[in-house]
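Notes to accompany the following structure.
The values are calculated or read from the model by the stated rules, or taken from the named source; none is laboratory data. Bear in mind the structure is a predicted one, so any value in this text is a computation, not a measurement. Note: ideal-geometry Cβ built from the backbone for every residue, glycine included; neighbour counts use all protein chains shown. Accessible surface areas use protein heavy atoms only, side chains included; no ligands, DNA or RNA. Shrake-Rupley method; radii C 1.70, N 1.55, O 1.52, S 1.80 Å.
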Amino acid sequence: YYNCMDKNNLDSVEWQSRFEQSQKAVLFNEVDFDSKGTKFQVIRMEPGGGIKPHYHKVRTEVLYVLRGTGTIRQNNKEIPVSRDDFLLCKPGTVHDFNNPVDTEFIVAIFRTNDTGNSDMHWVKSED
């Protein structure tokens, strides 16, 4: 057992391009947590950006809105969200993110049972 406190700040994280008009930054991974499949990351969506509908078979996610406003759809229910809102996204829940306003939208995501990109299942649009 040891005492350890790691600190990150949104203004100094290294953002990585993720999807169209969005980036991510992994702040703490399973090594930091000493817990396999556990991760804490933030996603940033530029105005008009978002992440298309998808689900996870085993991953659970806790979503926390840090900055901005947007919509998070879960199982076709559109949920308007803003700073300090929390959502729980259980395995099998189809969800997507959308930033319809002209400021950035940043969401923190705590993940458990994370197996990486192999558990990212995209839902085809019916358009």
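Given all pairs of different Cα atoms, what value in angstroms does the Kirkwood hydrodynamic radius of segment 14-72 take?
13.0 Å
Leaving out ligands and nucleic acids, and using a 1.4 Å probe, what accessible area per residue does the chain come to in Å²?
Per residue, the chain has an accessible area of 64 Å².
Assuming 0.36 nm per residue, please report the length gained on full extension of the stretch D102 to D6 beyond their Cα-Cα distance.
Answer, rounded to one decimal: 31.3 nm.
Which net charge results when you count Lys and Arg as +1 and Asp and Glu as -1 among the other residues whose beta-carbon is under 12 Å from that of V31?
Local net charge: -2.
Considering only protein heavy atoms and a probe of 1.4 Å, how much of the accessible area of the chain is carbon and sulfur, as a whole percent?
For the chain, the apolar C and S fraction of the accessible surface comes to 47 percent.
Within 10 Å of each candidate Cβ there may be at most 14 other Cβ atoms; applying that plus a DSSP loop requirement, which trypsin sites (Lys or Arg not before Pro) in segment 39-127 survive?
Answer by residue number: K57, R83, K124.
How much net charge surrounds R59 when only the other residues with a Cβ under 10 Å from the Cβ of R59 are counted, with Lys and Arg +1 and Asp and Glu -1?
Within the 10 Å Cβ shell, the charges total +1.
Given the options D34, D85, D114, which has the most mean-square fluctuation in a GNM of the chain, springs set between C-alpha atoms less than 10 angstrom apart?
Fluctuation is largest for D34.
Could you state the orientation-averaged shadow area of the convex hull built on the Cα atoms of the chain, in nm² to one decimal?
Directional mean of the projected Cα hull area for the chain stands at 8.4 nm².
Between F105, S17, C89, whose Cα lies farthest towards the positive end of the dipole of the chain when Lys and Arg beta carbons carry +1 and Asp and Glu beta carbons carry -1, centred on the Cα centre?
Of the candidates, C89 comes out farthest on the positive side.
If you put +1 on each Lys and Arg Cβ and -1 on each Asp and Glu Cβ, how big is the dipole of segment 14-127 around its Cα centre, in Debye rounded to 20?
280 debye
Need the full-extension length gain, L88 to R18, defined as separation in residues times 0.36 nm minus the C-alpha distance. One decimal, nm.
23.0 nm
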